[in-house]
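Single-structure report; data block below.
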Amino acid sequence: MTEAVIYEMVGAVAVITINRPESRNAINAAVRQGLIDAWQRFEADPAALVAILTGAGDKAFCAGMDLKEASAMGLKVPPRGFIPILGDSVHVTKPTIAAVNGTAMAGGWLFAQMCDLCVSAEHATFAVTEAKVGRGTPWAAPLIHMLPQRIMMELLLTGDAMSAQRMYELGYINRVVPYPQLRSTSLQLAERIATNAPLTVRACRSLVYAATETGRTAALRVGDQLFEPVYNSADAQEGPRAFAEKRAPIWQGK
């Protein structure tokens, strides 16, 4: 793990922090490698049930690609995997939360977009700024399932920022809180997820993404496939048993 990315465990929650506040947590080679390592570590650890991605400081969640580095590289089309993107170049099966502590711009928007849930500090702003610097946004395609078409058009074509409150109103953000409450609120949400049956949580997460990629009937059939092993699991027996015995369930994840 590089110093540009910090990985810590808080109970069953992995907190992954981009640690370049002096550069507005911009994405350079060290951040890219640090995030690849962090996501692989999270996925491989059975004790880590939920991950939170955030940035150091209160100015920026992530300002996007380090343009100084990109200019020095003469970067044209980024190769696949150049930016670690969940659901694309990085495989993660467990829930993730973006805790947006400041500006989420360009690649920072992407990092918030790729997580399953989003909690934001009330002073944060969100922008897809590539049109202002002549770069590309192929990764923005999933936004059509997250925002109305005209809002997506406005964001991509103007490159202008929107407030956290506006993004909350549009359904892009789950919680907006004062900055001092960002970490605790994100951890509370993560811990609520972590107490649930892990097989059901993972299958629910997969179902949501499958439903965005297929029609109604096909999504229902995918749901049948996803949840058959859940219904047949030991946890599916443990849940009702614990309820009947008026105690907290002991999940085995099998």
Are any of the residues in segment 3-20 surrounded by fewer than 16 Cβ atoms within 10 Å (Cβ to Cβ), modelled with pLDDT under 95 and of a type outside the set (Phe, Trp, Tyr)?
yes
Listed by range, strands (runs of 3 or more DSSP E) wholly within segment 55-150 having at least 1 residues that are in contact with a Pro (Cβ under 9 Å, 6 or more places away or on another chain) are 60-62, 117-121
Take ALA44 and tell me if it is modelled with pLDDT under 90, farther than 17 Å from TYR172 by Cβ and of a type outside the set (Lys, Arg).
no
Hey, among ILE173, ILE144, ILE151, which residue is within 26 Å of ASN101 (Cα to Cα), in the same structural domain as LEU53 (by TED's automatic domain parsing) and touching a strand residue (DSSP E or B) at 6+ places or on another chain (Cβ under 7 Å)?
ILE173
Across segment 157-182, what is the number of residues that are assigned to a helix (DSSP H, G or I) and either within 30 Å of GLY239 (Cα to Cα) or in contact with an Asp or Glu (Cβ under 8 Å, 6 or more places away or on another chain) (or both)?
3
Only listed residue being under 17 Å from the mean Cα position of the chain (by Cα) and under 26 Å from SER120 (Cβ atoms), chosen from VAL208, VAL177:
VAL208
Checked segment 194-208 for anything surrounded by 14 or more Cβ atoms within 10 Å (Cβ to Cβ) and either in a helix (DSSP H, G or I) or basic (Lys, Arg) (or both); matches are ALA194, PRO198, LEU199, THR200, VAL201, ARG202, ALA203, CYS204, ARG205, SER206, LEU207
Pick from segment 231-254, criterion within 20 Å of ALA194 (Cβ to Cβ) and among the polar types (S, T, N, Q), ranking: surrounded by the most Cβ atoms within 10 Å (Cβ to Cβ):
SER233
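The values are calculated or read from the model by the stated rules, or taken from the named source; none is laboratory data. Because the structure is a prediction, the values reported are computed rather than measured. Virtual Cβ from ideal backbone geometry, glycine too; neighbours counted across all protein chains shown.
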